[in-house]
Amino acid sequence: AMAAMMSMNPVLAKAWTDIMSESARFMTERLKTDLETQKALMACRTPAELMEVQASFLNTAVQQYADEAARMFEMTMKASQDVAEDLQTGHSRGYDDIPV
């Protein structure tokens, strides 16, 4: 159903692609951060260092997820507006273009 809707509305298809690309970008960045944190955890020599790395990781994660939620909200709002505007531009079919 989504594929049919996207093929009929290029504005919706672009919005969907942009949102999926942003999701993939965010996931990739988070995975990089996770790997860097694992390396830092393995290099810790004291419990204090371990706690410092964990606290930094959590602070960074909370900030990144909050930023991403705001970014996705903005993208979704813009996509909704773009699709609504596109639907009002008069792309409706005429009665004379339907084969009988």
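Roughly speaking, what is the stretch gain from Thr46 to Val62, that is 0.36 nm per residue apart minus the C-alpha to C-alpha distance, in nm to one decimal?
So the extension gain works out to 3.3 nm.
For the range 48-63, what does the Karplus curve 6.51 cos²θ - 1.76 cosθ + 1.60, with θ = phi - 60°, yield as ³J(HN,Hα) per residue in whole Hz, taken in order and with x for Gly and Pro?
So the Karplus estimates, Gly and Pro as x, are 5, 4, 4, 5, 5, 5, 4, 5, 5, 4, 5, 4, 5, 4, 4, 5 Hz.
What does the extension gain come out to for Val83 and Thr28, with contour length at 0.36 nm per residue minus their alpha carbon separation?
17.0 nm
Just the number please: accessible area per residue for the range 1-80, 1.4 Å probe, all protein chains included, in Å².
It amounts to 75 Å² per residue over the range 1-80.
The values are calculated or read from the model by the stated rules, or taken from the named source; none is laboratory data. Keep in mind that this is a model prediction, so the values were computed, not measured. The area values use the complete protein model at the heavy-atom level, side chains included, leaving out ligands, DNA and RNA. Shrake-Rupley method; radii C 1.70, N 1.55, O 1.52, S 1.80 Å.
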